[in-house]
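Below: the structure, in structure tokens.
The values are calculated or read from the model by the stated rules, or taken from the named source; none is laboratory data. No experiment lies behind these values; they were computed from the predicted model shown. Glycine also receives a Cβ, built like all others from the backbone with ideal geometry; neighbour counts cover every protein chain displayed.
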Amino acid sequence: MHRPSKNSSAKTEPTGKPDRLDARMLEALVGYNARRAWLIVSGVFAERMAPYGLKQIDFSVLSLLAHNPGATSRQLCNTLDILPPNLVSLVATLDSRGLIERRPHPHDGRAVGLHLTEAGEKLIREAEQTVTQLEADASARLTARERETLIRLLQKIYL
């Protein structure tokens, strides 16, 4: 079966626009639409977070710690739905960057609370401002009410 290369010209309609495939089935699926939107937002996220050296999971952990000082690894895993072994290496990386520190938990002698360092606090404040702006840019075609509704509806799926 011959497939045209990416560089070959696509078949076009008389209007000069590339053929549009019938995607009605896919476009009726929540997962498909969520994934397409995620691809757009995550691409912009990666671009704008590059100067901070943060991936989405790094940002999420730092943001949670900024708003929940002393959270435990277990709490982070439960909130972000990630496996403990994956968090261990992430915490080690953030610690080696001087963004977080471990302290004994005040109520559970077996647990360790995670806290942002001064550098971590500064970084996440700036990163959260950047993310707030990129979210506004990415959802610019939505009204404020539509954006709130979209968030609420998506949360009904996973919360």
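The table below lists the values:
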| item | result |
| --- | --- |
| Index of the failed condition, Ala140 passing every other in (1) closer than 23 Å to Asn33 by Cβ; (2) surrounded by 13 or more Cβ atoms within 10 Å (Cβ to Cβ) | (2) |
| Meets criteria (at pLDDT below 95 and surrounded by 10 or more Cβ atoms within 10 Å (Cβ to Cβ)) for Pro18 | yes |
| Matching residues in segment 90-108 - criterion: being loosely packed, with under 12 Cβ neighbours inside 10 Å and modelled with pLDDT of 95 or more | Ala92, Ser96 |
| Residue check, Thr117 within 30 Å of Arg36 (Cβ to Cβ) and hydroxyl-bearing (Ser, Thr, Tyr) | no |
| Members of segment 102-138 that are part of a helix (DSSP H, G or I) and farther than 30 Å from Glu148 by Cα | Glu118, Ala119 |
| Matching residues, segment 51-82, being surrounded by fewer than 15 Cβ atoms within 10 Å (Cβ to Cβ), part of a helix (DSSP H, G or I) and either more than 13 Å from the chain's Cα centre (by Cα) or acidic (Asp, Glu) (or both) | Pro51, His67, Arg74, Asn78, Thr79 |
| Test: residue in segment 144-154 that is in contact (Cβ under 8 Å) with a residue 60 or more places away in the chain, surrounded by 15 or more Cβ atoms within 10 Å (Cβ to Cβ) and of a type in the set (A, V, I, L, M) | no |
| Checking Ala71 against (1) in contact (Cβ under 8 Å) with a residue 40 or more places away in the chain; (2) more than 23 Å from Gln155 (Cβ to Cβ), the condition it does not meet | (2) |
| Candidates Asp81, Asp95 - the one that is touching a helix residue (DSSP H, G or I) at 6+ places or on another chain (Cβ under 9 Å) and of a type in the set (Asp, Glu) | Asp81 |
| Pick from segment 109-123, criterion touching a Gly at 6+ places or on another chain (Cβ under 8 Å) and either aliphatic (A, V, I, L, M) or closer than 15 Å to Gln56 by Cα (or both), ranking: surrounded by the fewest Cβ atoms within 10 Å (Cβ to Cβ) | Ala119 |
